1. Within region B:252-310, which trypsin sites (Lys or Arg not before Pro) sit in a loop by DSSP and count at most 15 neighbouring Cβ atoms inside 10 Å?
2. Work out, step by step, the length gained on full extension between A:Glu706 and A:Ser579: first 0.36 nm times the residue separation, then minus their alpha carbon distance; give nm to one decimal.
3. Kindly tabulate the residues in region A:677-720 with an accessible-area decrease of at least 10 Å² between the chain alone and the assembly of all protein chains, using a probe of 1.4 Å.
4. Dipole magnitude of chain B about its Cα centre, charges +1 at Lys/Arg Cβ and -1 at Asp/Glu Cβ only, in debye to the nearest 20?
5. What is chain B's relative contact order, in percent, from Cα pairs under 8 angstrom and six or more apart in sequence?
6. If you put +1 on each Lys and Arg Cβ and -1 on each Asp and Glu Cβ, how big is the dipole of region B:231-310 around its Cα centre, in Debye rounded to 20?
7. In a shell of Cβ-Cβ distance under 12 Å around B:Asp207, excluding B:Asp207 itself, what net charge do Lys and Arg (+1) and Asp and Glu (-1) give?
8. Bins of 5 Å, beginning at zero and ending with the bin holding the largest distance: percent of Cα pairs per bin for region A:285-373, please.
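The values are calculated or read from the model by the stated rules, or taken from the named source; none is laboratory data. Please read all numbers here as calculations on a predicted model, not as lab measurements. Glycine gets a Cβ as well: all are built from the backbone with ideal geometry, and neighbour counts include every protein chain shown. With ligands, DNA and RNA removed, areas are computed over all heavy atoms of the protein, side chains included. Shrake-Rupley method; radii C 1.70, N 1.55, O 1.52, S 1.80 Å.
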Amino acid sequence: MDIETLQSRVDAVPLDRPEGSGYTDKTPARRQAFLLRQQVYIRELQRHASEPMVIRMAHCLGSTLMEKEIIFEDDRLAGFYLFAGNNFTSPANTAEEVLYARLDRSDLDPQACQDMDELVKYVERGMCTRGPSGHVIAGYERVLTVGIGGLIAETEAAIAAQGETPFRAASLIICRAAADFIRRYGQKAAELAQVSAGTSQHNYARVGDACLWVAEKPPRTFFEAVQLLCLVHEIIITEQRSGSLSLGRFDRYLAPFYERDKAAGIIDLDGAAGIVEAFFLKLASVPRTFQNLTVGGYDSINGYCCNDLTRIALRTCRKLRKDQPLLTLRWHSTMPVDLWEDILGLITTGTGFPALFNDEVCFKAKQRSGISAQDAEQYALVGCVELSVAGREYAHTEGLRLSWLKVLELMLNGGRCLVSGEEFILSESRDLNAIRDFDDFYAWFKRELRHFTDTAIRAANLLDANLPDHWPSPFLSATMDHCIQSGLDVTAGGTIYNNSAINAAGMANAVDSLLAIRKYVFEERRFTLSELADMLRCDFVGNESLRLMIFNQCARFGSDAEAAQMMTDLTGYFHSLISVYGNPRGGRWELGFYSVDNHAWMGEKTGASPDGRRKGYALANAMSPVQGTEKHGPTVVIQSIVKADHTCFGNGMVLDLKFHPRFFTPPAHRQAFRYLVETYYDMGGMEIQFNVIDRKTLLDAQLHQEQYRDLVVRVSGFSAYFTTLGLTVQNEIIDRTEFENI
Amino acid sequence: MSSANQQAKTGLIFQIQHFSLDDGPGIRTTIFFKGCNLRCAWCHNPESIHPRVELAFKRQLCTHCGACAAVCPQGAQVCDDSRGRFLNRAACTLCLTCATACPSGALTWYGEEMTTNKLMETILIDQPFYAKSGGGVSFSGGEPLLQSDFLLEMLELCKAHNLHTAVDTAGNVPMESLLSVLPYTDLFLYDIKAFDPSLHRRCTGVDNTRILANLKRLGELGARLWVRLPYIPGFNDSPDEIGAIADLLRNIPAVEKVELLPYHAYGEAKYEHLDIDRGSDGLRAPTLPELLSIRDAYQVHGLRVECPTL
């Protein structure tokens, strides 16, 4: 990285983004910390310019920690969270990644260059998204077991036995800095205890003692364990630009500490709940950051995990009603039935938590992605809904997202984007009038889907190969299994599992559109493909009646058996396309069917579609049917959804259902809700999540934003404060079908 | 029940509700039969009454595109600049050409002739959801027993698939009809609208002697019974009524459960869709204190009633 580029990037970072719209924060203390991190990163990158990048990054983070002001926002727990925004620890965007790839590598052939140029266009024009890497669950459990000192000792031993590598040197630098940082918290807390009184004095003293102990040594108590977790998480998010830094199976790995304390009589349920609440508030201090926290779940060593901490997590989320952490519950047939009351208690708050995952399907999905049976049982959720093995998997879960609907748009318009006019390369340029039947058209769609998928994956692999040279993560790597042994950073494939993922978007729109084409063009011959293409180019202007007819009468995924069949066919086909690819870290490509909030953004960049959708309107959310087209209720939707094989979704999927709050009033309805979910799972469903809020409230919230600042809604695989969402996303949520049934 | 209907083995259905939770236990599929021989003043399903297809017009969806007027062979559909779209129901032959042509879904129809096989196919979509929840199929209406041959065949088919069955009836049918379906019916949802015969006639247009006799007889035969009491403030909530209904139901041991169903106005839009002017009917939903006090009044008379909406 040259210094000029660095400086221009720093200048480009907006410091005053509106609240909730990004990772930065307007409070003076956070702004200060943000600026400090930037200054230190530039300084340290320059100072160590001749060193390998992983060592330079260790110095950057180490010095940031050393110079970061120690701030206490809450006397119950040490920790001050800041998401660093776009600066140095990941590429600013795909175009910048391509720039670096071209600068670094003179051996790129013309095809490689073309692929990368196409990907830049894909990302600009709503065909693809590409997120930063590093959506991960750090090795928190390992740190709680061996302490930071254990990481240092392991690194030293590896250097002695196998020699020094740049990463091992970096690991020593950054782990020592981490220990010093935690010690500074301890010293500051001890000072504050001196000048405080009462509860506050007690709290600061407890924090001080804990920090001084866990700076290097493994925690002895539940409180020390949460305190160490809280500070290691702070260091991880200081290192990573990426959101989606998730916490893993919280109730399982903390249970031994809690049970030991409980047996010794030094903690009770309320005491633990207070500590968990303080920790959750730390997570909530950085909104919209996708910090997923998993509870429950079966594994063959421990059985189903349902303990006091499971219930505390559910109840604390219910009490706080914050958008962080994203709470996920792993369901298994062995889950105690009475846990449903706590689950329903949280679901009916309407925050969209917990998302509910089906263990058996997830185990199989992970194994299909190359994860061992034993590790698959330890999956937890990253970011929205990505299945990941804590501490052992560095998966680029947002490596790519590809819109099936945009493929169709380009086919019908000679490769030209309907919104921007930009031209894309198709695999075949065809005369629409020469397409004689639907089978021919459908086969062509599949070939183009393959073409765009192939191009995007080839390009993403070229870009991923660049990550270790520019954006390594030494501290994260030190916590992860096998990195110290292999001597490699996570971005270089140092840990055990190293997959990349491509996620689909606009699936239901594409299926409905294909069926509309079959019906109106090839069966009823109401209009030709060219005439349809003309209508789409004009956004149906002058053809509103025809648009309404298509929208209201075409077969819809979610209520039509043939649509479900086509979705199943395309899902299997898409999975087969991506399964043949590996990535530069030695991992595989896996498939996800969730869309974050990208279905809204990608929809804005997509022209009118053959299913009667207008230009610019949001795509369907994840795997859910097109908004407002579900007419037969959740059982019928579920039947469509489960036709596809959910074990294809190694990177997770989303089925979002919206219920009116009154639905949950009668006890019989609460019971039925549980059976609905369990039957969905029996039929092979992977994930289901719920919005519980009425349309009127959401419409009112659009008008009176100031009164609804705390209104949390489920978007797609994550929840967010409603008033911070863009208008397209807000409208999309309002238009989802609401099941009332009263 | 027409003889043609018997031969064709079709029924006239106006709605199929999947994920139905309020017409019997568990997750159910409720089939609504079109045609009723009561005329309850408070009916919230006006489209359930007439045993024939009816054209409905949802004014707020109309885009005034004129497609209906263009295709109507009778000229019954008129697009009028001052009044928007207008339907001459007297001239309409219910050919439904207009509704088929309507792009916006404003023109639609209530009532679909369905064969037993076709209906069974739709029901079986929900089958996986019945087992865990203890659900099944409910036949409601309208009055399903007015199409008793079709109903009987549906019940037999459900039993062949080992599905739990419920029949939701107002009981104003010959006892023979009830007896014919009894062997295939796991549960009767039985409505009692009023006890006093003259009150019942005023509220529903018919006498209730047969309704009450049928209920007692079903009880004696050991049918499982859930009784449902619509509660319409000012109509059927006098202390005498409550006392009499409580006495009646307490003395029928087969009654497992009594549900109080407060009036709601959700059906009003459907009157508009059918161009039915209700005028001022004096109907209103009960307040929460009223609902609680009625529930308690039954309790005082020794009858436990449940109110699912509470």
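1. Values: sites: B:Lys257, B:Lys270, B:Arg278, B:Arg284, B:Arg295, B:Arg304; in loops: B:Arg278, B:Arg284, B:Arg304.
Those satisfying the criteria are B:Arg278, B:Arg284, B:Arg304.
2. Details: separation 127, 0.36 × 127 = 45.72 nm, distance 4.74 nm.
Stretched fully, the A:Glu706-A:Ser579 segment lengthens by 41.0 nm.
3. A:Glu678, A:Thr679, A:Asp682, A:Met683
4. Details: 28 positive and 35 negative charges, 41 e Å.
Here the size comes out at about 200 debye.
5. Numbers: 571 pairs, mean separation 57.8, N = 310.
Once normalised by length, the contact order is 19 percent.
6. Working: 7 positive and 14 negative charges, 56 e Å.
My answer is approximately 260 debye.
7. On the way: positive: B:Lys193, B:Arg201, B:Arg202, B:Arg210; negative: B:Asp196.
Overall, the nearby charge balance is +3.
8. Cα pair-distance distribution for region A:285-373, in percent: 3, 13, 24, 23, 17, 11, 8, 1.
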